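Take a look at the structure set out below.
Nothing in this text is a laboratory measurement; each read-out follows from the coordinates by a stated rule. Owing to the predicted nature of the structure, the values given are computational and were not obtained by experimental measurement. Ideal geometry is used to build each Cβ from the backbone, glycine not excepted, and the neighbour counts take in all protein chains shown.
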Amino acid sequence: MAVRAEFQIFQILNEEGNTVRGIPELSPDRLLAVYQGMKTIRLLDEKMIGLQRQGRIGFYGASTGEEAAVIGSAEALKPEDWIFPALRQGGALLYRGFHLKDFISQVFGNSGDLHKGHQMPCHYSSRSFHHTAWSSCIATQLPHAVGAGYASKYLNETSVIFAYLGDGATSTADFHAALNFAGVFRVPVVFFCQNNQWAISVPLEKQTAVKFLSLKASAYGIPGICVDGNDVLACYHASKEAADKARKGAGPTFIEAVTFRVGAHTTSDDPKLYRDESMVEAWKKRDPILRMRKFLESEKLWNQKMEKDLDKKIADEIQDAIEKVESFPPPEVETLFEDTFLKKSWNLIEQEKDLNCILHPEQLTANRF
């Protein structure tokens, strides 16, 4: 079946930063905050990749080229809303107020990490900022997000759940189960798909025959919209409308943000082995940050000096945070057994005793006599 001819990608800012339709109601301060949020992710990713190449951290997954999708959607959230992330939404946690030092500590996995090194690098979470932990297994967060949405509805709360996913997740069983349940029970969930064209090394056309992923939503009775994922205002507008709709009890929405993963999947990946670099260069010309900057300049809200000052401010904040974090020691070994169960299981208690014998052999010797 052919894709409907009238299907279009929603856009507010074109690639030159010019408006093609009315802009959302965002104050100048919020527009500047959105731009700063995107710049922070870009500069932080560049710095952290450098640290990984130097052997100072073990692993990192960057969001380069996808900043508009992350920050545009996050701007639409209220404090009571929850994020169930995939790989590249750490910037949304920062944007909502998570401290940069805590963010970087998680990547180092040292004693500054609020979760004591229990998760892989870049697997951020925060109960305070309603950002759940996630698994590297694709799409497992989607049924969890729908469960949280069902709970919100059952308790008559106003919380909306944002369930992020990549293009590859739309070909999984968990995607089917989550959208089917969400459609039937009209839960307050916004499925936000960052279609960056690659599921690690698998191109979009090799994992699905659908031209627009948002068309899949109709099979579950869920409205789908396709937006320009490099247009931060379009991402915000679609997310805000979907969140408002869900908050009013009108059910879920599926948003496909068409963007591109400019860099590697993670620092463990070499994309030159499976994709043509000319494709990357073409997408670099659609840079979401440059597009927003051009718009702000046209609105007389930004200039070259402000850009230079912002770059220095962000770089200084990142460097200061890294210097503090690198001074922290590793987590105490005993923390291995903390925060696993409300009450420690018998096997963990035995393992903890065995570790204690290894760490404190003098106690074992003393106990023999």
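In table form, for the structure just shown:
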read-out: Computed Kirkwood radius, in angstrom, where 1/r is averaged over Cα pairs of the chain; value: 21.9 Å
read-out: Residue-by-residue Karplus 3J(HN,Hα) for region 148-159, coefficients 6.51, -1.76, 1.60, Hz, glycine and proline x; value: 5, x, 5, 5, 4, 5, 4, 8, 6, 8, 9, 5
read-out: Order of 190, 258, 20 - criterion: other Cβ atoms within 10 Å of each residue's Cβ, fewest first; value: 20, 258, 190
read-out: Whole-Å distance, taken between Cα centres, linking region 243-299 and region 25-90; value: 11 Å
read-out: Neighbour-count ranking [beta-carbon atoms within 10 angstrom, fewest first] of 27, 135, 214; value: 27, 135, 214
read-out: Coil-residue GluC sites (Glu not before Pro) of region 48-83, DSSP, other Cβ within 10 Å capped at 13; value: 80
read-out: Sparsely packed chymotrypsin sites (Phe, Trp or Tyr not before Pro) within region 282-343, loop by DSSP, other Cβ within 10 Å at most 10; value: 341
read-out: Ranked list, fewest to most other Cβ atoms within 10 Å of each Cβ, for 300, 284, 240; value: 300, 284, 240
read-out: Within straight-line cross-link reach of residue 313, lysines at Cα separation under 27 Å, skipping those fewer than 8 residues along the same chain; value: 39, 47, 78, 101, 284, 285, 294, 300, 305, 324
read-out: Global form of region 203-293, assessed from the alpha-carbon gyration tensor, a/c cut-off 1.5; value: oblate
read-out: Residues whose placed amide H lies under 5 Å from that of residue 164, excluding near-sequence neighbours; value: 84, 86, 192
read-out: Sum of -39500 (n - 2.57) over DSSP H runs of 4+, divided by residues of the chain (222 nm, nearest 500); value: -13500 deg cm²/dmol
read-out: Per-residue ³J(HN,Hα) for region 67-82, Karplus 6.51 cos²θ - 1.76 cosθ + 1.60, θ = phi - 60°, Hz, x for Gly and Pro; value: 4, 5, 5, 5, 6, x, 6, 5, 4, 7, 7, 9, x, 7, 6, 10
read-out: Note, ³J(HN,Hα) from phi for region 354-360, Karplus 6.51, -1.76, 1.60, rounded to Hz, x at Gly and Pro; value: 4, 5, 4, 5, 5, 6, 10
read-out: Trypsin sites (Lys or Arg not before Pro) restricted to DSSP loop in region 60-153 with at most 15 other C-beta within 10 Å; value: 127
